[in-house]
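Peer 1: Got a structure for you, written out below as structure tokens; questions coming shortly.
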Amino acid sequence: MTQASGTTRPGGRTARTRDAVHAAVRELLDESESGVITLPEVAARSGVHQATIYRRWRTVEALLLDVAMTEASRWSPVPVTGDLKADLLDYGRRLVEAVHRPGGLGVARALIAAAADPAVGLAGVREFGQPRTDRFQLLLDRAGATELTPLDIVELIHFPVYVAAMMSNGRRPPESPEAPGHIERLVDNVLAVLAQRRRRPTLVIVCGLPGSGKTTTATEIAGWRQGVRLGPDDWMTALDVNLWDSAVRERVEALQWSVAQDVLRAGGTVVIEWGTWARSERDTLRTRARELGASVRLVYLDVPDDELWRRIQARRREDPPIQRSDIDTWRGQFEAPDEQELSLYD
């Protein structure tokens, strides 16, 4: 399904049109005893031509879903502070409040109706929900919970809260932790899943060109996961070896890979920041780590060349210095991960 998100030209005609249509939908729903509205009614109430509404939303089900998702974002925003438990509790409590306010189950009903509409379907539902999914991903990334996905939040928090609300016909749940949809218990479930996944040995491959932020990113991930970070630059600098010495770099990386495998066998986490420019190199690491029973994650840092150059100039680490032309050469040699490759990782 193709539809406009309404985020184009914020504050311009697109935003004003969307606001007018959404306001009309809310008014009509408030006035309707059956909860049924039509696109002609929305056009008449909003002052927006019916053809414009049809081009943008195609069906009333899609329009209702868009309104419901917007309302959900307003009543239960997704916080991003870096504290996973605090963010999930804050979000979950707002979600519980939202679904128990008048019309609060509208999101669930709109999702079901839109998914059943051939013009929208599951693909359209995912498209409308993508901004919220992206926000969930940011919450997890900021908290370093790389083992969790937005789908985990939906399955472990959203589904129980909405099912409990529908079972109680919108009545507020009791405060008992055993009550269906009790948010503290649901968040504890999320944290338990995270802890279980972290007990599995994990290899994280940080991939990118010089200046892409591999060391910074790898250090953060290793800290979050209490893992071991392995990068050749640190060892070569400690050994007073020139960073351009490719023969020594190759031996250092071979030694680090031996150490990494020992850590994985012991059930630990290893974060590798070798650059791993070649697909074949990444494939070898992934395959061997899986043989050791480890999960494997790939973090690809895609940074524009001008920014790479700015960072390299600022750090002044290499001797002789890297030249701007080196970046052009390396870009041609670098095999960037594509969607197919990324799908092979956990």
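Peer 1: Rounded to a whole number of µm²/s, how large is the Stokes-Einstein D of segment 200-346 at 4 °C and 1.567 mPa s, given Rh as the Kirkwood radius over C-alpha pairs?
Peer 2: Stokes-Einstein gives a translational diffusion coefficient of 82 µm²/s.
Peer 1: Could you tell me the relative contact order of segment 200-342? Use alpha-carbon pairs under 8 Å, at least six residues apart, and round to a whole percent.
Peer 2: It comes to 40 percent, rounded to a whole number.
Peer 1: Non-local amide H neighbours of Val299 (under 5 Å, H modeled in plane, Pro and chain starts lacking H): which ones?
Peer 2: Excluding prolines and chain starts, which carry no amide H, the hits are Ile205, Val206, Cys207.
Peer 1: Please give the peptides 209-216, 326-333 ranked by average Cβ packing (other Cβ atoms within 10 Å per residue), highest first, as a rough proxy for protection.
Peer 2: With the highest mean Cβ count within 10 Å placed first, the list reads 209-216, 326-333.
Peer 1: Here's a follow-up. Which distance in Å, rounded to a whole number, links the C-alpha centroids of segment 274-311 and segment 69-136?
Peer 2: 33
Peer 1: Would you kindly derive the ³J(HN,Hα) couplings of segment 115-131 from the backbone phi angles with the Karplus curve 6.51 cos²θ - 1.76 cosθ + 1.60 (θ = phi - 60°), listing them in order in whole Hz, with x for Gly and Pro?
Peer 2: 5, 7, 7, x, 6, 10, x, 5, 5, x, 4, 4, 5, 5, x, 4, x
Peer 1: Which residue, chosen from Thr215, Val204, Leu186, occupies the Cα position most advanced towards the positive end of the dipole of segment 179-224, where the dipole is computed from +1 (Lys, Arg) and -1 (Asp, Glu) charges on Cβ about the Cα centre?
Peer 2: Val204
Peer 1: Let me ask something else. Per DSSP H run of at least 4 residues, take -39500 (n - 2.57); add these up for the chain, divide by its residues and hand me the 222 nm value, nearest 500 deg cm²/dmol.
Peer 2: -18500 deg cm²/dmol
Peer 1: Given Cα pairs under 8 Å that are at least 6 residues apart, what percent is the relative contact order of the chain?
Peer 2: In percent, rounded to a whole number, it is 14.
Peer 1: Going by how many other Cβ atoms sit within 10 Å of their own, how do Ser168, Ser325 line up, fewest first?
Peer 2: Sorted ascending by nearby Cβ count, the order is Ser325, Ser168.
Peer 1: Okay, next question. In nm, what is the difference between 0.36 nm times the number of residues separating Arg185 and Ser343 and their Cα-Cα distance?
Peer 2: This chain segment gains 53.7 nm when fully extended.
Peer 1: If you don't mind, another one. Quick one: grab Rg to one decimal and Dmax as a whole number for the chain, Cα atoms only, in Å.
Peer 2: 25.2, 78
Peer 1: Dividing the convex hull volume of the Cα atoms of segment 275-331 by its residue count, what figure in Å³ per residue is obtained?
Peer 2: So the per-residue hull volume is 110 Å³.
Every number in this text was worked out from the coordinates using simple rules, so none of it is lab data. The structure displayed is predicted, hence computed values, not measured ones. Cβ sites come from the backbone with ideal geometry, for glycine too, and all protein chains shown count toward neighbours.
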